[in-house]
Amino acid sequence: MHAEIPVCPLQRRSRGFTLIELLVVLAILTLLAGIVGPRVLNQLGGAKSKTAALQIADIDKALEIYKLDTGRYPTNAEGLQALITKPGSANGWNGPYLKGGVPNDPWGNPYRYANPGPNGGIEILSLGGDNAPGGESENADVRNVN
């Protein structure tokens, strides 16, 4: 006894998205990810190099305090570990000079220490993302300036 109301074809279509509409949206999102993704990754690489430079500066300051206390920098054999545990021959050692131990570089590799370095002073070095001498961008070496 109820009269059936005719359904307009336009009303039936507005219930959801079609497969083509969903594919278009996915294609647009993929294009955006392709454009934005590399830029974000480049920023992350630069951040790791800056982090390495800051950590090297902190280690360099700790080495200066170590030298003030002991009258010398650690030898190559003692290495950066001398900032954490007292070497047997370090009179006046008043450490540890770094909280939490000697950090690894942002790429997970230990920092290299040389006394004397190539320029005569001490050298603290990270070989960058590729862990090999030289390189460009995030693979470039990061070292203290002495």
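The values are calculated or read from the model by the stated rules, or taken from the named source; none is laboratory data. Values in this document were obtained by computation on a predicted structure and should not be read as measured data. Neighbour counts are summed over all protein chains in view; Cβ atoms, including those assigned to glycine, are modelled from backbone coordinates with ideal geometry. Just the protein is used for accessible areas: all its heavy atoms, side chains included, with ligands, DNA and RNA removed. Shrake-Rupley method; radii C 1.70, N 1.55, O 1.52, S 1.80 Å.
Taking other residues whose beta carbon is less than 9 angstrom from the beta carbon of Asn144, and scoring Lys, Arg as +1 and Asp, Glu as -1, yields -1. Compared with the dominant Cα axis of the chain, that is its longest principal axis, helix 19-70 is turned about 10°. Accessible area per residue for segment 25-146 is 61 Å², calculated with a 1.4 Å probe on protein heavy atoms, without ligands, DNA or RNA. Size check on the chain: the Cα extents along the three principal axes, sorted descending, read 105, 36, 18 Å. In the chain, the portion of solvent-accessible area held by carbon and sulfur atoms comes to 60 percent [1.4 Å probe, whole percent, DNA, RNA and ligands not counted].
Other residues with beta-carbon under 11 Å from the beta-carbon of Asn91 carry, at +1 per Lys or Arg and -1 per Asp or Glu, a net charge of +1. Per-residue ellipticity at 222 nm computed for the chain from its helices equals -14000 deg cm²/dmol, with DSSP H segments shorter than 4 residues left out and the rest contributing -39,500 (n - 2.57). Across the chain, Cα pairs under 8 Å and at least six residues apart give a relative contact order of 19 percent. Each Lys or Arg adds one and each Asp or Glu subtracts one; over the other residues with Cβ under 15 Å from the Cβ of Ile65, this totals +1.
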